[in-house]
1. Considering HIS117, HIS104, which residue is closer than 30 Å to LEU17 by Cα, outside the structural domain of GLU24 (by TED's automatic domain parsing) and not polar (S, T, N, Q)?
2. For region 96-118, state whether one or more residues are surrounded by 15 or more Cβ atoms within 10 Å (Cβ to Cβ) and either within 28 Å of LYS131 (Cβ to Cβ) or among the polar types (S, T, N, Q) (or both).
3. Tell me which residues, restricted to region 18-56, are within 12 Å of the chain's Cα centre (by Cα), of a type in the set (Gly, Ala, Ser) and under 23 Å from PHE7 (Cα atoms).
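The values are calculated or read from the model by the stated rules, or taken from the named source; none is laboratory data. Remember, it's a predicted structure, so these values are computed and weren't measured experimentally. Cβ sites come from the backbone with ideal geometry, for glycine too, and all protein chains shown count toward neighbours.
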Amino acid sequence: MATMEGFRNTTQRAVILQEVRAAERHLTAGEIFERVRRRYPTIAYGTVYRTLHLLAEHGLIQELTFADQASRFDRRADRHDHVHCTACGALIDVDVPVALIARHVAEEQTGFEITSHHTMFSGLCPACAAKQRRAGRTQREKTAAS
């Protein structure tokens, strides 16, 4: 596990890192700010935001960016992949050994020396898929009754 070497470790930074590592899911900067603010009411959102990026930059946490959504922060900094529900936004860690093969294929095909990669699978979680199936049946039933 990486340490806070290379930058000054303040109490605020330690508390922010502690909140990310204690989280059971991938939180946004806003969610982390709200949690930290309970302990340090005077902390500024900008401090939390900058600290999260600093921690990610130093490999202590992982930042997951989405084109149309807020970034989420992952306590796991090791190489792993994610599954993302496009309906409810659930984001779950998954270890996919085949993704490592993809890295080697990408290196061979492009000549790049790839230093890192991340695979994001998108789709519907079981609850959202079931909800969508129910909604589809309901719509077909309404159409059939007309």
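1. HIS117
2. no
3. Restricting attention to region 18-56, the residues satisfying the condition of being within 12 Å of the chain's Cα centre (by Cα) are 20, 23-29, 56.
With the extra rule that they be of a type in the set (Gly, Ala, Ser), the set shrinks to 23, 29, 56.
Matches in region 18-56: ALA29, ALA56.
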